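Some notes on the structure that comes next.
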Amino acid sequence: MISYPRYSSGFAIGTALLLVSMFVISLITGVNQQYIETVHSITDYENAIRQGEGILRVILAIDGLFIASYWMLGIFLVVSLWKEDRKLLLSLSVACISVTAILDIIENSEFLMFMESLRNELPIGGSSIQNLMVMSSVKWYFAYFAFLFLGFAFPVNTSTERNAAFLMKYIQLPVGILVFTIPVSPALFAAHLVRLAILLTILFLLAKVTRKWN
């Protein structure tokens, strides 16, 4: 018989490790997928992809595993928490995380298409870049709302559960909004780091909590 909480714990740990690995690669190499999710001139955008192509392909491969991991985490969490009085919120949460994963897959496919286009000396259209930017923003908002709905359906019987629910309900969405509204500056980099820290903390708490569920 499948132990949904146990799998939830495992996928929470796996998701966190994959997220950290992508961050460490970006920190060491200076190649950052997040850079390409923000607005630049077409020339700067194309140069960033050309110069970082090898590392970007590695990051995208890890990101593919990351997508699968967080999608499964969302599904197993919803199944673990499924009760009559939580059905609406949990259904909204799993719907949001599913849309997030699908948009993430499309986004990565677009990145790969851009790389192949540049290898064949085909320019990337400005409208294609703009569409990708919009898709990235929408993707992140769906991820935030997946956590938000989950937070309101989350049990609060222990201090760990209460901390996880608090972060999901009241912290991660405001910080995520700041990432979209702060202009490019050291403050924006700090906001990215805070968002990463919050996501990792939530994943750690989820791994710890679900391991103790029956």
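Please go through the stretch 192-214 and pick out each residue that is in contact (Cβ under 8 Å) with a residue 40 or more places away in the chain and more than 22 Å from Thr158 (Cα to Cα).
His192, Leu196, listed by residue number.
Among Glu121, Glu161, Glu116, Glu107, which is the only one that is of a type in the set (Asp, Glu) and not in a helix (DSSP H, G or I)?
Working: Glu161 fails: not in a helix (DSSP H, G or I); Glu116 fails: not in a helix (DSSP H, G or I); Glu107 fails: not in a helix (DSSP H, G or I).
Result of the check over Glu121, Glu161, Glu116, Glu107: Glu121.
From the residues in the stretch 136-158 that are of a type outside the set (A, V, I, L, M, F, W, C) and part of a helix (DSSP H, G or I), which one is surrounded by the most Cβ atoms within 10 Å (Cβ to Cβ)? Write out each step before concluding.
So the first thing to find is which residues in the stretch 136-158 are of a type outside the set (A, V, I, L, M, F, W, C), and the list is 136-137, 139, 141, 144, 151, 155, 157-158.
Within this subset, residues satisfying the condition of being part of a helix (DSSP H, G or I) are 136-137, 139, 141, 144, 151.
Values: Ser136: 19, Ser137: 15, Lys139: 20, Tyr141: 18, Tyr144: 20, Gly151: 22.
The selected residue is Gly151.
Can you go through Arg86, Arg57 and tell me which one is basic (Lys, Arg) and either surrounded by fewer than 18 Cβ atoms within 10 Å (Cβ to Cβ) or in a loop (DSSP other than H, G, I, E, B) (or both)? Before you say what the answer is, go through the steps one by one.
Working: Arg86 fails: either surrounded by fewer than 18 Cβ atoms within 10 Å (Cβ to Cβ) or in a loop (DSSP other than H, G, I, E, B) (or both).
Result of the check over Arg86, Arg57: Arg57.
Here is a yes/no grid of residues against (1) under 21 Å from Met115 (Cβ atoms); (2) of a type in the set (Gly, Ala, Ser); (3) modelled with pLDDT under 90; (4) crowded, with 20+ Cβ neighbours inside 10 Å:
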residue	(1), (2), (3), (4)
Tyr4	no, no, no, no
Ser9	no, yes, no, yes
Leu17	no, no, no, no
Ile25	yes, no, no, no
Gly30	yes, yes, yes, no
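The values are calculated or read from the model by the stated rules, or taken from the named source; none is laboratory data. Predicted model, so just to flag it, every value in this text is computed and none were measured. Heads up, the Cβs are rebuilt from the backbone with ideal geometry, glycines too, and the neighbour counts pull from every protein chain shown.
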